[in-house]
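Contents: one structure, followed by commentary.
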Amino acid sequence: MTDSPSPKPAGQNWFPYRFKVEPRLKEPPAWFSPMLSLAAVVVSLFIGAFIIHLAGGDPWKTYVHIAKSSFGSVGVISDTLVKATPLILVGLACSIAFRMRIWNIGAEGQFFLGAWGASLIVLLPVLPEDAPQWLFILTTMASGILFGALWGLIPAVLKARFNVNEIISTLMMNYIAISWNNYFIYAVWSDGGFQMTRMFQRNAWLPRLADYAKEIPAFRGLTTHLGLVFALLAAVVVYLILTKSQWGYEIRLIGDNPNAAHYAGISINKNIILVMLLSGGLAGLAGMSEITGVVHRLQGAISPGYGFTGIIIAWLAKLNPFGVIIASILFGALILAGREMQPHGIPTMIQGVIMVLLIASDFFTRYTIRITRRMEE
Amino acid sequence: MDLIIVLSAGVATGTALLFATVGEIFAERSGVMNLGVEGMMLLGAMTAYSVSASSGSPWLGALAGMLAAGLISQIHAYISITLKADQVVSGLALNFLASGVSLVLGEGLNSLKGVPALPFFSIPLLVNIPILGDILFKNQSVLVYIGYLLFPLAWYFINRTRPGLHLRAVGEYPSAADSQGINVIGLRYFYTFVGGLLAGLGGAAISLAISPGWFSEKTSAGLGWIAVGLVIFAQWDPIRAAGGSYIFGALRRLILDIQGPTTILGLRNPFYYNPYYGFFLQMLPYAFTVVVLVLGSREAIRKRMGTPAALGLPYVRGQRGL
């Protein structure tokens with residue numbers, strides 16, 4: 001308790017306006033939330049510029065370099081889309097889980113298991129080496145989705161059955177997945193002692209635009225592959241599930257108010273399992289698409305942390321499936337241009353700055369700041 | 001493979017885990033869940049190593065590591081306490097930020113040679129206790145001994161002192177605490193800071209004592225996340241946290257050592273003859289964390305206790321609820 005009768009702290013009276021923070025009574029307009037995301041990205045670019053400046057670089061040149069090497073020509077736009085493809089899928093995987101407030105931090109591990117599942121078809125081998133390409137695509141896809149989903153199922157069952165915190169269990173599953181993959185690339189499928197498997201035969205690859213260069217010369221050298229179509233279709237499917245289906249309604253209701261959902265007779269445990277299966281399946285599909293569309297062999301370095309970037313993408317897109325596509329292209333560009341950037345932690349740091357600003361700016365969707373003229377008393 | 005060496009090294013590794021876990025217990029007991037422990041540990045390890053290299057004083061390094069992690073924890077405190085954002089998302093964001101900053105600023109540190117580490121010594125008299133003396137008091141880092149003091153003191157502070165009562169009140173029933181004139185917001189900021197300091201000390205313990213050096217994100221290798229899991233297993237009790245930490249430390253060390261001998265208990269050692277089986281051993285600490293979480297969660301359900309009631313909830317004065 002202060003002795004002063006005035007509730008306002010003394011010393012602020014010289015300022016003719018005062019700021020008042022009030023909870024929003026109405027939902028903010030629809031454009032507001034995307035604008036916040038955009039503002040967060042712009043501000044983080046400024047902060048990034050400041051850090052690059054501190055490190056002795058030229059921020060303007062760096063950003064022009066990023067823009068040129070990710071959107072400067074048809075060829076690099078195609079490369080950006082290749083990087084965006086797995087990001088869209090893991091971004092969707094995180095979005096659908098986060099919408100129900102299930103914190104699936106394990107997309108990275110589910111991605112690895114998806115890649116492993118796809119490799120299994122080619123390397124075990126499940127299919128004969130000269131099986132038709134369409135059959136390879138279907139089976140590797142099914143296997144990738146299956147193993148990704150299984151990897152998501154384990155923490156889901158633990159959560160539903162034993163109430164085990166899914167943040168930690170999904171994260172632990174990431175480390176286990178990486179060791180699992182390592183065992184196979186070092187020991188079982190090692191190609192002549194190297195820490196990678198043999199190159200998949202051509203008919204196990206996803207078709208790329210460049211494969212059609214004979215018919216359409218403009219496609220020459222373009223690496224964009226069929227996985228992008230899977231990713232875009234998956235975005236539409238996730239959008240339809242979330243907004244148009246009964247299941248999506250249940251997911252959103254549990255996310256907004258689990259008690260209300262429980263009283264409405266919705267089984268939360270069943271939805272935890274189903275959502276984690278879908279989320280893991282999407283991340284597994286990302287792994288399959290990356291392994292059959294880009295890398296064409298199983299090896300250690302198949303992901304520069306796609307699964308973790310997916311978390312930020314989901315948040316940047318405000319869990320909107322179409323927003324995920326836009327955010328993924330942005331981050332695809334950042335990863336593509338960031339490959340040769342030194343030190344190598346810069347993309348991680350910029351992602352961290354963006355995420356911190358995003359979560360901080362969420363404040364403005366829940367509160368307004370009213371500026372009023374201070375009255376003379 | 002000598003069991004005493006495994007246990008004694010396990011106590012050392014467990015010390016890093018102990019600091020981080022006890023720090024997170026302080027933060028969570030006040031109602032703030034901070035998932036950024038892994039990032040804060042990395043930042044602490046990087047800063048401690050870097051400052052120790054440039055100043056020549058490992059003590060200054062450890063202090064700088066603590067302060068760096070403590071300061072960055074205040075970003076999470078501001079976002080989750082003042083801006084009342086979701087603590088899960090904010091903690092994850094802090095984790096990305098702190099890891100990214102550590103990787104950028106730590107670039108090149110791994111090539112440094114002869115960075116001074118914290119001293120190792122034996123405790124006279126106590127070291128003469130058979131077996132236990134060799135495990136606990138023989139040629140350990142000074143931080144290990146600080147760890148022995150920390151967890152009983154933390155337990156005493158939380159359960160037997162007046163400030164500890166305030167800490168628990170703020171995490172269990174903040175509006176009641178507020179009505180008694182306890183500064184809920186201030187205490188939550190303070191204990192988030194304490195959590196950061198201790199996570200930073202955990203990081204410094206890795207880079208300056210247990211496995212001296214800077215190995216990018218491999219420096220902490222998920223220890224921060226294991227610490228978050230151990231908090232649940234420990235039921236927010238520093239003494240149980242210590243038990244869990246030391247067991248985990250021994251497990252990590254055992255995995256390294258079990259691949260050495262040709263036979264174990266007279267049987268052919270499969271890990272020696274096929275070193276690739278080591279990848280399955282590497283999974284064990286993470287798989288074990290999940291098992292420990294299952295045990296902790298079952299117990300929490302059975303006893304209907306443990307979790308601070310206001311954990312994860314922002315406090316708004318005058319609003320209904322806790």
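Listing for the model above:
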{"item": "Probe 1.4 Å, accessible area per residue of segment B:1-98, Å²", "result": "24"}
{"item": "Segment B:3-303, Cα convex hull volume normalised per residue, Å³", "result": "154"}
{"item": "Simple label model, 7 Å out from Cα along Cβ direction - B:ARG160 to A:MET35, nm", "result": "5.8"}
{"item": "Largest-first principal axis extents, alpha carbons of segment A:220-269, Å", "result": "58, 17, 15"}
{"item": "Average beta carbon contacts from partner chains per residue of A:312-318, 10 Å cutoff", "result": "1"}
{"item": "A:MET196 long-range amide H proximity, modeled H, under 5 Å", "result": "A:ASP191"}
{"item": "Contact order normalised by residue count of chain A, Cα under 8 Å, 6+ apart, percent", "result": "35"}
{"item": "Degrees between helix A:107-123 axis and first principal axis of chain A (Cα, 0 to 90, nearest 10)", "result": "10"}
{"item": "Average partner coverage of A:363-371, which counts Cβ from other chains inside 10 Å", "result": "1"}
{"item": "Tail beyond 27 Å, pair distance distribution of segment B:148-287 (Cα, percent)", "result": "40"}
{"item": "Carbon/sulfur fraction of accessible area - the protein assembly as shown, other protein chains in place, 1.4 Å, %", "result": "66"}
{"item": "Average partner coverage of A:154-165, which counts Cβ from other chains inside 10 Å", "result": "4"}
{"item": "Gyration tensor verdict on segment B:1-153 (Cα atoms; rounded if a/c is under 1.5, prolate if a/b is larger than b/c, oblate otherwise)", "result": "oblate"}
{"item": "Å² of accessible area per residue within chain A, as computed with a 1.4 Å probe and no ligands counted", "result": "47"}
{"item": "Axial C-alpha extent at least 24 Å, average Kyte-Doolittle at least 0.0 - helices from chain B (DSSP)", "result": "B:3-29, B:37-55, B:58-77, B:87-105, B:142-160, B:184-205, B:238-257, B:278-303"}
{"item": "Helical contribution to [θ] at 222 nm, DSSP H n ≥ 4, -39,500 (n - 2.57), averaged over chain B, rounded to 500", "result": "-21500 deg cm²/dmol"}
{"item": "Separation of alpha-carbon centers, segment B:67-94 and segment B:8-57, rounded to whole Å", "result": "16"}
{"item": "Cα long-axis angle, helix A:59-71 against chain A (0 to 90 degrees, to the nearest 10)", "result": "40"}
{"item": "Interface area, A with B, accessible, probe 1.4 Å, both sides summed, Å² nearest 100", "result": "3900"}
{"item": "Residues with amide H under 5 Å from that of B:ILE264, placed H, sequence gap 5 or more", "result": "B:ASN269"}
{"item": "For the protein assembly as shown, radius of gyration divided by Kirkwood radius, i.e. Rg to Rh on alpha-carbons", "result": "0.98"}
{"item": "C-alpha long axis of helix A:321-338 to longest principal axis of chain A, angle in °", "result": "70"}
{"item": "Reduction of at least 30 Å² in accessible surface, 1.4 Å probe, comparing all protein chains with the chain by itself, residues of segment B:101-140", "result": "B:LEU103, B:VAL104, B:GLU107"}
{"item": "Share of alpha-carbon pairs per 10 Å distance bin for chain A, given as whole %", "result": "5, 20, 28, 23, 13, 6, 2, 1, 0"}
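The values are calculated or read from the model by the stated rules, or taken from the named source; none is laboratory data. Just so we're clear, the structure is a prediction, and the values are computed from it rather than from any experiment. With ideal geometry, Cβ positions are generated from the backbone for all residues, glycine too; neighbour counts draw on all protein chains shown. Accessible surface is based on the protein model in full, side chains and every heavy atom, while ligands, DNA and RNA are left aside. Shrake-Rupley method; radii C 1.70, N 1.55, O 1.52, S 1.80 Å.
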